[in-house]
Amino acid sequence: MTQALAMANTDRSAVRAVCLAVSGVNHPSDQQRMLEWIRDLFPGNAKFYVENDSVAALASGTMGKLHGCVLIAGTGSIAYGVTEDGKVARAAGAGPVLGDWGSGYGIAAQALTAVIKAYDGRGPQTSLTQDILKKLELSSPDEIIGWTYTDPSWARIAALVPVVVSSAEDGDEVANKILHDSVQELADTVIAVVRRLRLCGEDEKDKFPLVLVGGVLEGNKKWDICGEVIKCISKVFPGTNPIWPEVEPAIGAALLAWSHHRKGLKLENGS
């Protein structure tokens with residue numbers, strides 16, 4: 001934040017509103033901890049808003065207007081939705097242990113599992129074996145176990161997604177099944193949020209913005225995960241309006257801070 005202010009040729013004393021959109025903020029107690037920390041960094045008259053990072057991702061696609069649904073599929077995955085009257089809902093986002101299987105981690109973890117099962121004779125043979133061994137510079141599938149638990153960080157494992165996509169593009173059935181299952185997981189995550197909030201209207205045909213964010217949803221040569229997810233969702237909700245943000249989520253957070261600040265000024269002025 002200090003660097004951003006310096007690049008804008010200003011400092012903390014000029015700040016009137018701050019929006020922190022942070023991964024893992026899911027409960028008022030999480031918000032309170034962040035607020036207690038940030039209040040000491042800015043002037044006493046500044047206003048503070050703490051949100052989950054998915055809120056800023058949504059705002060980055062709607063230019064600050066909180067309405068619609070956002071799907072984030074990167075290392076983890078989450079769908080978050082907001083109605084025009086402020087009702088909110090989310091699905092997934094509980095981390096890999098609790099089943100973010102459409103995420104980068106989920107895709108890569110299934111691929112690693114498939115390699116081990118093939119090696120054991122518990123699953124079909126797959127080109128993922130040689131492709132992943134080559135990527136990791138290992139000589140045998142049993143070395144994957146040591147590689148995985150030496151540093152089981154989510155992002156390190158999720159970084160194998162391009163290998164899975166490449167194997168699927170080359171026709172590997174196991175890799176294709178992993179991607180097809182992941183597409184359905186991501187689509188089901190969005191469908192759950194949209195239905196809970198009735199963003200699609202009573203007849204499920206109303207238009208609503210769907211903001212798409214994250215490395216898993218970036219375009220691939222043949223196997224277009226994002227395109228397949230949109231197809232699945234559009235079969236259920238034909239009014240789906242996909243949006244690829246032109247600005248990063250940090251800009252979305254700044255837009256939210258500005259929006260909150262403007263609302264506060266209008267209330268103070270009685271308008």
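Here is a list of conditions, (1) crowded, with 21+ Cβ neighbours inside 10 Å; (2) more than 19 Å from residue 197 (Cα to Cα), and residue 57 meets all of them except one; can you say which number that is?
Every condition holds for residue 57 apart from (2).
Right, residue 194: closer than 25 Å to residue 68 by Cα, β-branched (Val, Ile, Thr), out of contact with any Leu (no Cβ under 9 Å at 6 or more places or on another chain) and crowded, with 17+ Cβ neighbours inside 10 Å or not? It would help to see each step written out before you state the result.
Details: closer than 25 Å to residue 68 by Cα: yes; β-branched (Val, Ile, Thr): yes; out of contact with any Leu (no Cβ under 9 Å at 6 or more places or on another chain): no; crowded, with 17+ Cβ neighbours inside 10 Å: yes.
Here the answer is no, as residue 194 does not meet what is asked.
Just one of the numbered conditions (1) open to solvent by 40 Å² or more (accessible area, probe 1.4 Å); (2) in a helix (DSSP H, G or I); (3) over 16 Å from residue 178 (Cα atoms) is not true of residue 131; which one?
(3)
Residues being open to solvent by 60 Å² or more (accessible area, probe 1.4 Å) and in a helix (DSSP H, G or I): count how many of those fall in the stretch 32-54.
Number of matching residues: 6.
Between a first residue in the stretch 174-185 that is in contact (Cβ under 8 Å) with a residue 40 or more places away in the chain and a second residue that is open to solvent by 10 Å² or more (accessible area, probe 1.4 Å) and among the polar types (S, T, N, Q), which pairs have beta carbons less than 7 Å apart while being 6 or more apart in sequence or on different chains?
Short answer, once both residue conditions are applied: 174/126; 175/126; 178/110.
Condition first: among the polar types (S, T, N, Q) and modelled with pLDDT under 95. Can you find one or more residues in the stretch 152-169 that meet it?
First pass over the stretch 152-169, keeping only residues among the polar types (S, T, N, Q): 153, 166-167.
Subsequent filtering for residues that are modelled with pLDDT under 95 retains 153.
Yes - at least one qualifying residue is present in the stretch 152-169.
Determine if the stretch 169-188 includes at least one residue that is farther than 30 Å from residue 134 by Cβ, open to solvent by less than 50 Å² (accessible area, probe 1.4 Å), aliphatic (A, V, I, L, M) and part of a helix (DSSP H, G or I). Quick ask: steps written out before the conclusion?
Our first condition is that a residue be farther than 30 Å from residue 134 by Cβ; within the stretch 169-188, this holds for 187-188.
Subset that is open to solvent by less than 50 Å² (accessible area, probe 1.4 Å): 187.
Then drop every residue that is not aliphatic (A, V, I, L, M), which leaves 187.
Narrowing further to those that are part of a helix (DSSP H, G or I): 187.
Yes: the stretch 169-188 contains one or more residues that are farther than 30 Å from residue 134 by Cβ, open to solvent by less than 50 Å² (accessible area, probe 1.4 Å), aliphatic (A, V, I, L, M) and part of a helix (DSSP H, G or I).
For the stretch 56-75, which residues satisfy the criterion of being of a type in the set (A, V, I, L, M, F, W, C), part of a helix (DSSP H, G or I) and either touching a His at 6+ places or on another chain (Cβ under 9 Å) or more than 23 Å from residue 101 (Cβ to Cβ) (or both)?
Here is the first cut: in the stretch 56-75, the residues of a type in the set (A, V, I, L, M, F, W, C) are 56-59, 63, 66, 69-73.
Applying the additional criterion that residues be part of a helix (DSSP H, G or I) yields 56-59.
Answer for the stretch 56-75, where residues must be of a type in the set (A, V, I, L, M, F, W, C), part of a helix (DSSP H, G or I) and either touching a His at 6+ places or on another chain (Cβ under 9 Å) or more than 23 Å from residue 101 (Cβ to Cβ) (or both): 56, 58, 59.
Scan 29, 13 and give me the residue that is over 25 Å from the mean Cα position of the chain (by Cα) and farther than 27 Å from residue 183 by Cα.
On the way: 29 fails: over 25 Å from the mean Cα position of the chain (by Cα).
Of the residues listed, the single one that is over 25 Å from the mean Cα position of the chain (by Cα) and farther than 27 Å from residue 183 by Cα is 13.
Sort through 102, 123 and tell me the only one that's part of a loop (DSSP other than H, G, I, E, B), open to solvent by less than 30 Å² (accessible area, probe 1.4 Å) and over 22 Å from residue 223 (Cα atoms). Step through it out loud before you land on a result.
Working: 102 fails: over 22 Å from residue 223 (Cα atoms).
123 is the lone residue from the list that is part of a loop (DSSP other than H, G, I, E, B), open to solvent by less than 30 Å² (accessible area, probe 1.4 Å) and over 22 Å from residue 223 (Cα atoms).
What number of residues within the stretch 195-242 are small (Gly, Ala, Ser), touching a residue at least 40 places away in the same chain (Cβ under 8 Å) and not in a loop (DSSP other than H, G, I, E, B)?
Within the stretch 195-242, the subset small (Gly, Ala, Ser) is 201, 214-215, 219, 227, 234, 239.
Pick out the ones that are also touching a residue at least 40 places away in the same chain (Cβ under 8 Å) and you get 214-215.
Next cut, not in a loop (DSSP other than H, G, I, E, B) only: 215.
The number of residues fulfilling the criteria is 1.
Find the residue count for the stretch 1-19, including only residues that are outside any loop (DSSP other than H, G, I, E, B), open to solvent by 60 Å² or more (accessible area, probe 1.4 Å) and of a type in the set (Gly, Ala, Ser).
Start the filter on the stretch 1-19 by keeping residues that are outside any loop (DSSP other than H, G, I, E, B), which leaves 2-7, 12-14, 17-19.
Narrowing further to those that are open to solvent by 60 Å² or more (accessible area, probe 1.4 Å): 2-4, 6-7, 12-13.
Imposing the further condition that a residue be of a type in the set (Gly, Ala, Ser) reduces the set to 4, 6, 13.
Counting residues in the stretch 1-19 that are outside any loop (DSSP other than H, G, I, E, B), open to solvent by 60 Å² or more (accessible area, probe 1.4 Å) and of a type in the set (Gly, Ala, Ser) gives 3.
With the requirement that a residue be surrounded by 11 or more Cβ atoms within 10 Å (Cβ to Cβ) and of a type in the set (Lys, Arg), what does the stretch 134-161 give you?
135, 156 - these are the residues of the stretch 134-161 that are surrounded by 11 or more Cβ atoms within 10 Å (Cβ to Cβ) and of a type in the set (Lys, Arg).
When you look at residue 210, is it under 15 Å from the mean Cα position of the chain (by Cα), surrounded by 14 or more Cβ atoms within 10 Å (Cβ to Cβ), at pLDDT 95 or above and not β-branched (Val, Ile, Thr), yes or no? Write out each step before concluding.
Values: under 15 Å from the mean Cα position of the chain (by Cα): yes; surrounded by 14 or more Cβ atoms within 10 Å (Cβ to Cβ): yes; at pLDDT 95 or above: yes; not β-branched (Val, Ile, Thr): yes.
Yes: the conditions hold for residue 210.
The values are calculated or read from the model by the stated rules, or taken from the named source; none is laboratory data. Bear in mind that the values here come from a model prediction, so they are computed numbers and not experimental data. Every residue, glycine among them, receives a Cβ derived from its backbone with ideal geometry; neighbour counts consider all protein chains shown. Just the protein is used for accessible areas: all its heavy atoms, side chains included, with ligands, DNA and RNA removed. Shrake-Rupley method; radii C 1.70, N 1.55, O 1.52, S 1.80 Å.
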